1. Hey, can you tell me all the residues within the range 31-61 that are of a type outside the set (A, V, I, L, M) and over 20 Å from Asn155 (Cβ atoms)?
2. Looking only at residues in the range 139-155 that are β-branched (Val, Ile, Thr) and buried (at least 19 other Cβ atoms within 10 Å of the Cβ), which one is farthest from Glu64 (Cα to Cα)?
3. Quick one: would you say Glu221 is modelled with pLDDT under 70 and among the acidic types (Asp, Glu)?
4. Quick one: would you say Leu38 is in a helix (DSSP H, G or I), over 17 Å from Asp171 (Cβ atoms) and of a type in the set (A, V, I, L, M, F, W, C)?
5. Regarding the range 96-112, can at least one residue be identified that is closer than 15 Å to Thr149 by Cα and free of Cβ contacts under 8 Å to residues at least 24 places away in the same chain?
6. Does the range 40-83 hold any residues that are β-branched (Val, Ile, Thr) and more than 20 Å from the chain's Cα centre (by Cα), and which are they?
7. Under the condition of being free of Cβ contacts under 8 Å to residues at least 24 places away in the same chain and assigned to a helix (DSSP H, G or I), which residue from the range 163-173 is surrounded by the most Cβ atoms within 10 Å (Cβ to Cβ)?
8. List the pairs whose first member sits in the range 23-47 and is in contact (Cβ under 8 Å) with a residue 12 or more places away in the chain, whose second member is assigned to a helix (DSSP H, G or I) and among the polar types (S, T, N, Q), and whose Cβ atoms are under 8 Å apart, counting only residues at least 6 apart or on separate chains?
Amino acid sequence: MEELAAPGGVSEVLKQLLLNIVDNPVKAIFNANYIGILAWAILLGMALKNAPDTTKTVISNFSEAVSKMVTWVIKFAPLGIMGLVIESITTNGIESLLSYGKLLVVLIGCMLLVAFVINPIIVFLAIRQNPYPLVFQCIKESGITAFFTRSSAANIPVNMRLCEKLGLDKDTYSVSILLGATINMAGAPVTISVLTLAAVHTLGIEVYISDLIFRHTALSECRDAAAQLPA
């Protein structure tokens with residue numbers, strides 16, 4: 001098994017980013033390298049710009065079929081989650097869930113803060129209107145699915161349909177959603193930061209406020225390396 005190590009510096013990170021962009025397209029799909037997939041998709045789109053309408057229709061129909069299959073998988077996700085919870089209870093007992101409950105409260109609290117305070121502020125600065133109708137719609141149609149699947153990749157077709165329903169520019173959201181799935185946006189930074197602090201607290205390590213600020217900033221950037229597949 002190949003051992004993973006932290007990058008040695010910014011140059012190594014940029015080098016890895018460049019390698020991800022020019023990655024083999026089949027390998028990029030197999031490894032869920034969405035930066036590479038996006039780069040090849042742009043080149044393929046440019047090559048098919050003048051393709052016949054029948055070719056574009058076939059590609060569009062294939063895309064819709066894949067999105068439909070992903071939607072079917074998402075609908076069965078609660079059954080998978082129930083199985084994991086039952087296995088955990090039978091193996092470790094109900095006490096394992098009770099001890100995890102405190103950590104879960106902190107995690108969900110941070111996510112609610114981002115969803116109902118931070119994101120509405122960003123939306124208000126962009127549209128200069130009451131952001132909460134849009135925020136509630138996004139949470140209802142996309143946020144709940146994203147929360148229970150724990151997957152940026154699985155939520156891509158859900159977000160695509162939501163953007164289409166909102167009447168947004170398809171040329172914009174078809175790119176931004178893939179980028180958002182790659183960098184994991186808000187969920188991963190919250191989870192990584194909270195779990196890291198929980199581990200530090202368990203080990204009895206004292207952390208100062210300057211360390212917290214630095215570590216949270218660094219951990220937020222680490223979201224780029226987190227997997228987009230269900231946790």
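1. Trp40, Gly45, Lys49, Asn50, Pro52, Asp53, Thr54, Thr55, Lys56, Thr57, Ser60, Asn61
2. Taking the range 139-155 and keeping what is β-branched (Val, Ile, Thr), we get 139, 144-145, 149.
From what is left, the residues that are buried (at least 19 other Cβ atoms within 10 Å of the Cβ) are 145, 149.
On the way: Thr145: 19, Thr149: 20 Å.
Only one residue fits best here, namely Thr149.
3. Numbers: modelled with pLDDT under 70: yes; among the acidic types (Asp, Glu): yes.
So Glu221 passes the test.
4. Numbers: in a helix (DSSP H, G or I): yes; over 17 Å from Asp171 (Cβ atoms): no; of a type in the set (A, V, I, L, M, F, W, C): yes.
Taking the combined requirement at face value, the residue does not satisfy it.
5. yes
6. Filtering the range 40-83 for residues β-branched (Val, Ile, Thr) gives 42, 54-55, 57-59, 66, 70-71, 73-74, 81.
Selection gives Ile42, Thr54, Thr55, Thr57, Val58, Ile59.
7. The residue in question is Cys163.
8. Going by the 8 Å Cβ cut-off, the qualifying pairs are Ala28/Asn20; Asn33/Asn20; Tyr34/Thr182; Ile35/Asn20; Ile35/Thr182; Gly36/Asn20; Leu38/Thr182.
The values are calculated or read from the model by the stated rules, or taken from the named source; none is laboratory data. None of the values given here were measured: they were computed from a predicted structure. Neighbour counts run over all protein chains shown; Cβ positions are idealised from the backbone, glycine included.
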